[in-house]
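The values are calculated or read from the model by the stated rules, or taken from the named source; none is laboratory data. All of these numbers come straight from a predicted model, not from anything done at the bench. All Cβ positions, even for glycine, are placed from backbone atoms using ideal geometry, and neighbour counts span all protein chains on display. What goes into the accessible areas is simple: the full protein's heavy atoms, side chains included, and nothing from ligands, DNA or RNA. Shrake-Rupley method; radii C 1.70, N 1.55, O 1.52, S 1.80 Å.
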Amino acid sequence: THSHLNNNDNNGSSHKKKRKRLLPHENFSPLAQCFGETIRKMWSDKRFKSTVNPHMLVQAISVASKKRFTIGKQAEVVEFIAWLLHQLHIGVGGSTRKPGSSIIQQTFQGVVEITTKQRKSDLTTSTTLLQNQ
C-alpha cells in the first residue's frame with residue numbers, strides 16, 4: 001500500500017492552486033484532512049526538504065478502510081486508487097450524483113477512449129465484400 005500511496009501522492013499533488021483548496025476544513029473527513037496536510041507539506045515552499053513522512057496518512061487510510069489497506073498486506077493498485085479517490089471525493093463534501101462536485105473529481109475525472117485495431121486480413125475481407133455488392 002505504501003508504494004501505491006507514493007505514486008498517488010506524486011500524481012495528484014502537483015496542482016498548487018488546487019492544493020490550497022485542500023486546506024483543513026471542519027467538514028472534511030479525517031482521511032481528507034490528513035491527505036490535504038500531507039500534500040501541503042510536500043509542496044510547501046517553506047520546508048527545507050520536500051521529504052514528508054506519510055505515517056499519519058497511512059494510519060488514516062488503515063482506519064478509514066477498516067484495515068483493508070495496511071502496511072504489509074498486498075492489495076490491488078487499481079482497487080486502492082479507486083477506493084482512495086472515492087473516499088477523498090466524499091470526504092471533502094463531493095456528491096455521488098453531481099459531476100465535478102469536489103476538487104478530487106475535478107482533478108482526477110477523465111475520459112477513457114477505447115480504440116480497436118482490425119487485422120489486415122479482416123480489412124481485406126470487408127473491402128472484397130463491399131466490391132462484390
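Couple of notes before you dig in:
Here's the yes/no breakdown for (1) open to solvent by 30 Å² or more (accessible area, probe 1.4 Å); (2) not in a loop (DSSP other than H, G, I, E, B):
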position: Lys67; (1), (2): yes, no
position: Ile71; (1), (2): yes, no
position: Phe80; (1), (2): no, yes
position: Leu85; (1), (2): yes, yes
position: Gly94; (1), (2): no, no
position: Ile104; (1), (2): no, yes
position: Val112; (1), (2): yes, no
position: Thr115; (1), (2): yes, no
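- Residue check for Lys46: within 22 Å of Gln109 (Cβ to Cβ) and basic (Lys, Arg): no
- Single residue of segment 43-65 satisfying the filter (open to solvent by 80 Å² or more (accessible area, probe 1.4 Å) and under 20 Å from the mean Cα position of the chain (by Cα)) that is modelled with the lowest pLDDT: Trp43
- Pairs with Cβ under 9 Å, 6+ apart, first in segment 16-39 and assigned to a loop (DSSP other than H, G, I, E, B) and modelled with pLDDT of 85 or more, second open to solvent by 30 Å² or more (accessible area, probe 1.4 Å) and of a type in the set (Phe, Trp, Tyr): none
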